[in-house]
Amino acid sequence: MPAFDYVDFYVLDPFNPRYNNLDLIEDDLARMVIQKYEMIIFTNKGEVLGDPNFGANLLELLYETRVSSEAVRSVLEDQISTYIPELYDSSYSLDVVFTQDTENYQDIMFIYLNFADYDVYAQIGFFS
């Protein structure tokens, strides 16, 4: 098992309910993993200078015709294994579910990550 130094920059958005303007460094493993995971799901490939493969392209996947929840889960698993090595020996669960918003004629993707008693929920789609 690799030895990790669990220190990273504190990058929470000021609109995040967990934001603390006095923090510069994140040293809690669970919060650091969640921070990295949120960066993956909210980033499209090509948006990070120097790493064109970083990001999950979730909006693009949402509007693909015939993409399954298993395919999206596989994309997320690949991103997690590449960019969150801290989860190497940790137990976590990841689920992806699609549903339809019939009122607005669109699909919505729900992503659920459970890690270290944290539940991270993401809803991907266009909302008015």
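Once fully extended, how much extra length lies between residue 123 and residue 70, figured as 0.36 nm per residue of separation less the alpha-carbon to alpha-carbon distance?
Going from the current span to full extension adds 17.4 nm.
For residue 110, what is the net charge nearby, where nearby means another residue's Cβ is under 14 Å from its Cβ and Lys, Arg count +1, Asp, Glu -1?
Charge balance in the 14 Å sphere: -3.
Taking R0 as 30 Å, what's the FRET efficiency between residue 108 and residue 49 from their Cβ-Cβ distance, rounded to 0.05?
My answer for the efficiency is 0.50.
For segment 55-122, would you read off the P(r) tail past 16 Å as a percentage of all alpha carbon pairs?
51
For the ranges 32-44, 82-94, what's the packing order if you count other beta-carbon atoms within 10 Å of each residue, average per peptide, and put the highest first?
Descending mean neighbour count gives 32-44, 82-94.
Read-outs: derived from the displayed coordinates by stated rules, not from any lab. All values reported here derive from a predicted model rather than from experimental measurement. Positions of Cβ are backbone-derived with ideal geometry, glycine not excepted, and every protein chain shown enters the neighbour counts.
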